[in-house]
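First up is the structure itself, then whatever we jot down about it.
What follows is calculated from the coordinates using simple rules that are stated; it is not laboratory data. Given the structure is predicted, the values throughout are model-derived calculations rather than measurements. With ideal geometry, Cβ positions are generated from the backbone for all residues, glycine too; neighbour counts draw on all protein chains shown.
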Amino acid sequence: MKLTTLLTGADVTVREYCQLETFSARCRQGDVIVMTTARFGRMRVGRCIDAGGSSSAALQKALQSDSHLLGCYADVLGYTDRTCSGKTTCDISVPNRDLLSTRPCFAQLTMYFEAAYQCVSGESPCVHAFNMRHENRQQPEK
């Protein structure tokens, strides 16, 4: 799936990360990660949820008719922002405690993670805030 981000107007590709896979974001030196989208659940049939086989039409119909089987998800952009945005590298294991705690679907169902990010020129917001605090600190009087 492609989407256009408001950050730079560039197209980014949303990728699926199935059970026991790892989301890995990497930016070159001088760039930082900015998460643009992140969801955890059972968004659609695809690479991580296979409706193939001899009963695919029946399974597809069942999946589409019950919102607890497909189409259930949690927006986890806040979590991925705290975990990844502003860094040059980031790894998120699927599943993990933070993702599972969102409980978007029946617990017995296999869920997956989908996310997209951009590498943006600049320094980490945390480093920038630290530097600003120290630059604005008043010098002791002599």
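Please list the non-local residues whose amide H lies under 5 Å from the amide H of Lys87, H modeled 1.01 Å from N, same-chain partners needing a gap of 5 or more.
Amide H neighbours of Lys87, under 5 Å, 5+ apart: Ile33.
Between Glu21 and residues 5 or more places away or on another chain, which pairs have amide H atoms under 5 Å apart, with H built 1.01 Å from N, and which residues are they?
So Glu21 has HN proximity to Val94.
Per residue of the stretch 91-105, what does 6.51 cos²θ - 1.76 cosθ + 1.60 with θ = phi - 60° give for ³J(HN,Hα)? Whole Hz please, x for Gly and Pro, Karplus curve as stated.
Working through the residues one at a time gives 10, 10, 7, 10, x, 9, 4, 5, 5, 5, 5, 6, 6, x, 9 Hz.
Classify the stretch 66-125 from the C-alpha gyration tensor, please: rounded if a/c falls under 1.5, else prolate or oblate depending on whether a/b exceeds b/c. Before the final figure, lay out each step's value.
Working: a/c = 3.07, a/b = 2.48, b/c = 1.24.
It comes out prolate by the Cα gyration axes.
Could you rank the peptides 30-42, 97-109 by their average count of other C-beta atoms within 10 Å per residue, with the highest value first?
Working: 30-42: 20.9, 97-109: 13.6.
Per-residue Cβ counts within 10 Å, averaged per peptide and sorted highest first, yield 30-42, 97-109.
For labels at Arg82 and Thr102 in the simple 7 Å Cα→Cβ model, what's the distance in nm?
1.3
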